[in-house]
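Each reported figure results from applying straightforward, stated rules to the coordinates on display, with no laboratory input. All values reported here derive from a predicted model rather than from experimental measurement. With ideal geometry, Cβ positions are generated from the backbone for all residues, glycine too; neighbour counts draw on all protein chains shown.
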Amino acid sequence: MTRPNEMRALAKTEPAEGLDMIRAPVPEISHDDVLIRINKTGICGTDIHIWNWDDWAQRTVPVPLITGHEFAGEIVEMGRDVEGLSLGQRCSGEGHLIGKTSRQSRAGKFHLDPETRGIGVNEQGAFAEYLRLPAFNVVPLPDSIDDEIGAILDPLGNAVHTALSFDLVGEDVLVTGAGPIGIMAAAVARHVGARHVVITDVNADRLALAARVADVVPVNVAEEDLAAVIPSLKMKQGFDVGLEMSGNQAALDQMVETMTMGGRIALLGIPPGKSPVDWSRIVFKAITIKGVYGREIFETWYKMIAMLENGLDVRAVITHRFSVDDFRRGFDEMRAGHTGKVVLDWT
Ligand SMILES: [Zn+2]
């Protein structure tokens, strides 16, 4: 391609609330990188933390930084050592940049590498017309997966990683938290053959969206007693598998209370600080708990693309689409809590 000198990008330019549209140099790539022209990006909860410049963001994000990590685009330049990819290849990619020296990486457990750095969080991100990415991180997209779905594979990957933590076939599954990832996790649970999938929240709009996206039982725990739902579904004991996606202390507590003996819980939601837990309940119920971070590189990507090509449909979780010129509206809508996924168009 004839390489432009400059590109538009959304960046944190000063240690304060908000993001700015800037002009930045098009990234130079190294011998094992590709340059991706970005077509669509998703706004993540992480981006809202960065916009709001909360304590976590202040501790984590260097300034200035181009933000964003959920993207789809196409390869327009390749380093000389890149193999197995081609110019024009449509792609998304894993935003966690891993090291090669830790015990975990050398064992092939890339998602557990403690040296991981995130694009749009620690390194230059994808809210830009062009993104430099190691070729290793590229995930080619089949024609059946369009750019707006490609732009939400990162959060769908969180949902898939969490949902597939335990065998769900024939199981009764409780999902706490009906944000976009919780809703997609519920859809995955349904897709892989769970018996009942119950999703809880206190936000009626989100629960209505969950019911539109997947065949799930929405329960507003501000108005309804979760324990009363169990007999109404002809469940004899409690939930077999819990997927905690809210980070809410009361939700986790309710989950532990309504699990069956020997139940299994995967935790993706991040509590705001130390969270008191009644560990005796967990011991006496013989509950297994697993913390979930990111996506398995690249097994989660493989499974998720296979499921999307085989009937998993999460498109309805995208509720708002904006041109990147209107990025402020996208962030405003999302910060107001009115949205599912918000996708920005860079083309
Ligand atoms: Zn994300």
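Summary of values
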item	result
Globularity ratio of region 233-345, using Cα Rg and 2.2 N^0.38 Å	1.37
Per principal axis, descending, Cα span of the chain in whole Å	65, 41, 37
Global form of region 35-120, assessed from the alpha-carbon gyration tensor, a/c cut-off 1.5	oblate
Theoretical gain in end-to-end length, Thr288 to Asn52 [0.36 nm per residue, Cα-Cα removed]	81.5 nm
Potential lengthening between Ala227 and Ile22 on full extension [0.36 nm per residue; Cα-Cα distance subtracted]	68.7 nm
Column: log10 I(q)/I(0), Debye, Cα scatterers of region 157-291, q = 0.11, 0.12, 0.22 Å⁻¹	-0.32, -0.38, -1.46
Computed label-point distance, nm, for sites Ser280 and Asp253 using a 7 Å Cα→Cβ extension	1.5 nm
Extension gain, Ala336 back to Arg80 (0.36 nm per residue minus Cα-Cα distance, nm)	87.6 nm
The chain: most fluctuating residue of Ala128, Ala185, Ala306 per GNM, C-alpha cutoff 10 Å	Ala306
Spin-label model distance (nm) - Lys100 vs Thr13, 7 Å beyond Cα toward Cβ	3.7 nm
Too-long pairs where the Cα-Cα distance tops 23 Å, listed order kept, from Lys12/Lys290; Lys12/Lys341; Lys234/Lys341	Lys12/Lys290; Lys234/Lys341
Under 21 Å from Lys236, Cα to Cα: lysines that are on another chain or at least 8 residues apart	Lys285
Estimated dipole of region 157-291 in Debye, rounded to 20 [Cβ of Lys and Arg +1, of Asp and Glu -1, Cα centre]	300 debye
CD proxy at 222 nm, helix term only [per DSSP H run n ≥ 4: -39500 (n - 2.57); per residue of the chain; nearest 500]	-7500 deg cm²/dmol
